[in-house]
Amino acid sequence: MTTNALTKPGGSGRTGDKVFSTASMAAGILILVTLFAVALFLFLQAIPAFTADPAEVSGGKGFLSYIWPIVIGTVIAAAIAIVLATPVGLGVALFISHYAPRRLAAPLGYVIDLLAAIPSVIYGIWGYLVLAPVLVPGYEWLNANLGFIPLFGGPVSQTGKTMLTAGIVLAVMVLPIITSLSREIFLQTPGLHEEAALALGATRWEMIRMSVLPFARAGIISAVMLGLGRALGETMAVALVLSTGNLIPSLIKSGNQTIAAEIALNFPEAFGLRMSELIAAGLVLFIITLAVNMVARWIISRHQEFSGAN
Amino acid sequence: MSTTTLTPTPTPTRRNRLSKGRLPRWAIPAVGLAALILGAAGSTLGGFSVASFLIYAALLFVVGATLATTAVEGRRQGTNSFFKYLVVGAFLLALIPLVSVLYTVLERGLPGMTSDFLFHSMNGMTGAVDNETVAAGTPVLGGAYHAVVGTLLITLCSTVISVPVGMLAAIYLVEYGQGKMLSRGITFFVDVMTGIPSIVAGLFAAALFGLMFGPSTRMGIVAAVALSVLMIPTVVRSTEEMLKIVPNELREASYALGVRKWRTITKVVIPTAISGIASGVTLAIARVIGETAPILVTAGLANSINFNVFSNWMATLPTFIYYQILNPTSPTNIDPSAQRAWAAALLLIIMVMVLNLGARLIARIFSPKTGR
């Protein structure tokens, strides 16, 4: 009599099941442990900067007044990047998913992936040596016509190594992240929804507004948040492009600084208290990104019904 | 069977009913031409430049074509064409930096792509050597072989660490942990980890290894750990998204046939999602292969070749580029350094492109056939 595989006790694969579920849970826990270690370590190393005599901290007025200008600088750079990159990125994603000829869509998607793949240091040297000089006439025009707004106050930097240039370079770097993620989501829109809208006589834009965008809303937000996270923490592009200085309102003058660039430019020579300061700056950056992600998470959790796994 | 008689087709002299109320075929090109002419005129008024000409022309075209469509075809069609032009315009706009970066890297990098650059390190290269080559007009010496070796080894190590961990964690999240506290915690903290700035990850790895092996331990594996911290959340997120969109019907069908859960996952769920997972992993590798900041604080900068990730400083292409631009080998003659930096940039882009292409091929080979 042959044994029946279905009734055999402890049938094949039970061990596999156990091993697989344990391994996957262990991997998940490892991630939690790693993150906890990162936060703990940054905090422990940063303590000296918080407790030090204010006069000994860079700037001589304590840690808060040291960190405040570069926090604002970081936020400004990331804000410029997101404001510029979000509409363009979503447009590109829509173009690839719904406007480009079907035959061209895949190659065009690859082209945009290539933009994502270009390393940040290459964007950095491109922004420094190619883009910044090109933008100077544009900045002069902005200063001449909109100079009454503090954002475009003069005198214009003649090298073009300004906050706005850094923001534009960051926008270029963030763009493919927003595009590739939202494109994936746009392509997942149920075909029946789109066809139903078209069959009711909707134009292409109405179809996108009625079926694609509602479906993709959570995905778009998470794409933008991921882009924001990268813009906030991006180091090399800012370190190479921005001619750093004190916090100033003008975006087209030399000045301002971001946390990540501050760390990268100073860490190699730092020791003692200076190192603690930089690590504390890293901790602040970490907390900012944490806050951004928590907000993103909260928004996405309100739209969970659009997730595919239901 | 219906026996309705068709009305005779309208005579060719009258306009077709179906095309009534539509813009004639020549209208949009005509608007485009007018926009080009007016744009040229407008930009000439304030001192001609290519940039202002293109900006004026594009604005005029979008406004003109939208107004024309609205006037003839109605408001809905007008809105439709307005967004069509915006979307196409966004795509063209996004191509400008891409083309500019690629052109610059090719133009400035190709002259430096010599066999000397590819197969020699910077060992023994000093400012004096660069000054001599500039004075004598001989080819630039010194290359990025050591950096290529470092980049490949460090990236390989971090991929080997991150891909299994990331994929298993994603599988846990989607297949095992639905609704559990732990799963929600992991999802949340993976998101947090996605936002870890690369330099913070570098600081973490440096500090971790500094604790274990003494302060300022710098070697390839430290950099690999730093890059893994950056890579794991990317892998988890993309894998998770892809696993989530695998239809539940497939899983249920598999369970209904008596297939065990882990066999269902490895034989049904993952193969269905593999193309997306591969593209996610590629993006993750592409992100870390060009990371500079974590390498600066974990692997240092070497001028000679080092094949061992477990000892001594190691150079990578990004740090090589960064230092060649920021601190040229010879401060008085920066051209040789710039040439090496751009050649290294070209090499890095080629590596990334090959990776992308490879992953795309894998994705195509493994992706299930769908109706779309």
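The values are calculated or read from the model by the stated rules, or taken from the named source; none is laboratory data. On a predicted model such as this, the values are computed, not experimentally measured, just so you know. We place every Cβ from the backbone using ideal geometry, glycine too, and count neighbours over all the protein chains shown. Heads up: the accessible areas ignore ligands, DNA and RNA and are worked out on the full protein's heavy atoms, side chains in. Shrake-Rupley method; radii C 1.70, N 1.55, O 1.52, S 1.80 Å.
Sparse packing (at most 14 other Cβ atoms within 10 Å of the Cβ) combined with a DSSP loop state is found for the following trypsin sites (Lys or Arg not before Pro) in the range A:8-70: A:LYS61. Taking every residue in A:258-271 and counting other chain Cβ atoms within 10 Å of its Cβ, the average works out to 3. Surface composition of chain A: carbon plus sulfur atoms contribute 69% of the solvent-accessible area (1.4 Å probe, protein chains only, all chains present).
Extending 7 Å from Cα along the Cβ direction at B:ALA135 and again at A:LEU192 yields two label points whose distance is 8.0 nm. Rolling a 1.4 Å probe over the protein chains gives A:VAL111 an accessible area of about 40 Å².
Largest first and in whole Å, give the semi-axes of the protein assembly as shown's equivalent ellipsoid, each being the square root of 5 times a Cα gyration tensor eigenvalue. Display every interim value, and only then the final one.
Values: eigenvalues 364, 290, 120 Å².
Equivalent ellipsoid of the protein assembly as shown: 43, 38, 24 Å, largest first.
Magnitude of the Cβ-charge dipole of the protein assembly as shown, K/R +1 and D/E -1, about the Cα centre, nearest 20 debye?
Numbers: 42 positive and 27 negative charges, 571 e Å.
In debye, rounded to 20, the protein assembly as shown gives about 2740.
Using the alpha carbons alone, the radius of gyration of chain B stands to its Kirkwood radius in an Rg to Rh ratio of 1.12. Normalised by 2.2 N^0.38 Å, where N is the number of residues, the alpha-carbon radius of gyration of the range B:98-172 equals 1.66. Solvent-free Debye calculation, one equal scatterer per alpha-carbon of the range B:221-275: log10 I(q)/I(0) at 0.25 Å⁻¹ equals -0.91. Surface analysis of the range B:27-110 yields an accessible area of 56 Å² per residue, using protein heavy atoms and a 1.4 Å probe. Excluding ligands, DNA and RNA, the accessible surface per residue across chain A is 43 Å² with a 1.4 Å probe. Gyration tensor analysis over the Cα atoms of the range B:302-353 returns equivalent ellipsoid semi-axes of 21, 16, 7 Å (largest first, whole Å). Using only the alpha-carbon atoms, how far is helix B:50-73 inclined from the longest principal axis of chain B? Give it as 0 to 90 degrees, nearest 10. Taking the Cα atoms of chain B, the angle to B:50-73 is about 30 degrees. Past 31 Å, Cα to Cα, is the threshold; run A:LYS161/B:LYS84; A:LYS61/A:LYS253; A:LYS18/B:LYS244 against it and keep the listed order. Over 31 Å apart, Cα to Cα: A:LYS161/B:LYS84.
Stokes-Einstein, applied to the Kirkwood radius of the range B:179-333 over Cα pairs at a viscosity of 1.567 mPa s and 4 °C, places its translational diffusion at 72 µm² s⁻¹. Multiplying the residue separation of A:TYR110 and A:TRP298 by 0.36 nm and removing their Cα-Cα distance gives an extension gain of 64.5 nm.
Sort A:237-245, A:20-28, B:325-333 by packing, meaning the average of other beta carbons within 10 Å per residue, with the highest value first.
Result, highest mean Cβ count within 10 Å first: A:237-245, A:20-28, B:325-333.
Tell me the carbon and sulfur percent of the accessible area for chain B, rounded to whole percent, probe radius 1.4 Å. The value for chain B is 69 percent carbon and sulfur by accessible area.
Counting Cα-Cα pairs of the range A:70-306 in 5 Å increments starting at 0 gives whole-percent bin shares of 1, 7, 12, 15, 16, 14, 12, 10, 7, 4, 2, 1, 0, 0. To the nearest ten degrees, helix B:145-171 and the longest principal axis of the Cα atoms of chain B are 60 degrees apart. A probe of 1.4 angstrom, applied to the heavy atoms of all protein chains, finds A:TRP126 with accessible area near 10 square angstrom. Charge dipole of the range B:99-237 (Cα centre as origin; +1 on each Lys and Arg Cβ, -1 on each Asp and Glu Cβ, all else neutral): 540 debye, rounded to the nearest 20. Considering only B:PRO139, B:VAL149, B:ALA128, and ranking their Cα positions along the charge dipole of the protein assembly as shown that arises from unit charges at the beta-carbon of Lys, Arg, Asp and Glu, the one farthest toward the positive end is B:VAL149. Inter-chain neighbour count for B:341-352: the average number of beta-carbon atoms from partner chains within 10 Å of each residue's beta-carbon is 3. Can you spot the aspartates and glutamates whose alpha carbon is less than 20 Å from B:LYS267's alpha carbon? Ignore those fewer than 8 places along the same chain. Within the straight-line cut-off, B:LYS267 pairs with A:ASP17, B:GLU175, B:GLU240, B:GLU241, B:GLU249, B:GLU252.
Summing both sides, how much accessible area is buried between B and A? Use a 1.4 Å probe and give Å² to the nearest 100. Please list the in-between numbers first.
Values: alone 22250 and 17430 Å², together 31790 Å².
Answer for the B-A pair: about 7900 Å² buried.
Using a 10 Å cut-off around each Cβ of peptide A:205-211, what is the average number of partner chain Cβ atoms that fall inside?
The mean count of partner-chain Cβ atoms within 10 Å per residue comes to 3.
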